[in-house]
Structure formats: structure tokens, C-alpha cells
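The values are calculated or read from the model by the stated rules, or taken from the named source; none is laboratory data. On a predicted model such as this, the values are computed, not experimentally measured, just so you know. With ideal geometry, Cβ positions are generated from the backbone for all residues, glycine too; neighbour counts draw on all protein chains shown. With ligands, DNA and RNA removed, areas are computed over all heavy atoms of the protein, side chains included. Shrake-Rupley method; radii C 1.70, N 1.55, O 1.52, S 1.80 Å.
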Amino acid sequence: MAPIIRASHDVPGAIEVAPACFGMVPHWADMKLARQTYNARTETGAQKPSFRNAWKRKQFGIIPADNFFEPCYETGKPIRWRIERADGMPAAIPGIWDSGRKTCCCRSRC
């Protein structure tokens, strides 16, 4: 579990920190799907089954992270690159979350 910063359910206009598993998994799917649903593309998030309900409800938030890894294909092979802020502070990554399974993912191409 990791934290996600989101709008509060209880106090209008307030924010809260809630635990979430990384990888968006809807209630109808097996948790194994999490490895395939790390990123929700802004262009297709509203249509994809894994993301559309949370997207419709505007369940957006911020995922704090010390770093994350992305593949680099410069050599023709996917090599993991660690991405982090130069000053060592946590990054604020835009995310989307689902309260049913307490899962979240990053929004790419925001």
C-alpha cells in the first residue's frame, strides 16, 4: 500500500491521504490485472473499462513518490531508467483512484 492524496469524502473542499495499491483494478477483475494497469492515458481513460468509472466520477489525486522507473529504448531494448527529482524531494505524480479495491494508477500524457 502507498499513499494517494485526494479530495475528502467527508469534508467538502478538504483533502485527505488514503492508502492504495498501485495498479488500477476494478471490482470485477482479478488482482493480477494490476501489473497491466499502471498508467491511464489521458486520451483514453474515459473509455477503458479499468478506468472509466473512476474517470466519470473525477476521482483524480496526487501520488507522492521518491522515484519511479520507465523503460528507455535507446539501445533497442527496454532498459529501466530511474526517474527522480534532482533535489531529492518527493515528486507529485497525477493519478486516478478507485475506492472499491483501493487501487490507483498514474495518468500519463497529462
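One residue alone among Arg82, Arg6 is assigned to a strand (DSSP E or B), at pLDDT 90 or above and more than 14 Å from the chain's Cα centre (by Cα), and that residue is Arg82. Taking the criterion of being among the aliphatic types (A, V, I, L, M) and either loosely packed, with under 13 Cβ neighbours inside 10 Å or farther than 21 Å from Ala65 by Cβ (or both), the residues of segment 1-16 that qualify are Met1, Ala2, Val11, Ala14, Ile15. For first residues located in segment 53-70 and under 13 Å from Cys106 (Cα atoms) and free of Cβ contacts under 8 Å to residues at least 60 places away in the same chain, partners that are of a type in the set (Phe, Trp, Tyr) and surrounded by fewer than 18 Cβ atoms within 10 Å (Cβ to Cβ) and lie 6+ apart or on another chain with Cβ distances below 7 Å form the pairs Phe69/Trp81; Glu70/Trp81. For segment 85-110, the tally of residues that are part of a strand (DSSP E or B), touching a Lys or Arg at 6+ places or on another chain (Cβ under 8 Å) and touching a residue at least 40 places away in the same chain (Cβ under 8 Å) stands at 5.
Within segment 15-59, if we keep just the residues that are basic (Lys, Arg) and assigned to a loop (DSSP other than H, G, I, E, B), the residue that is modelled with the lowest pLDDT turns out to be Lys48.
Of the residues in segment 17-40, how many are exposed (fewer than 14 other Cβ atoms within 10 Å of the Cβ) and of a type outside the set (Lys, Arg)? Full working, then the answer.
Let us first name the residues in segment 17-40 that are exposed (fewer than 14 other Cβ atoms within 10 Å of the Cβ), namely 17, 19, 27-28, 30-32, 35-36.
Okay, now just the ones that are also of a type outside the set (Lys, Arg), so 17, 19, 27-28, 30-31, 36.
The number of residues fulfilling the criteria is 7.
Please work out if Ile62 is closer than 15 Å to Ala2 by Cα and either part of a loop (DSSP other than H, G, I, E, B) or open to solvent by 60 Å² or more (accessible area, probe 1.4 Å) (or both). Taking the combined requirement at face value, the residue satisfies it.
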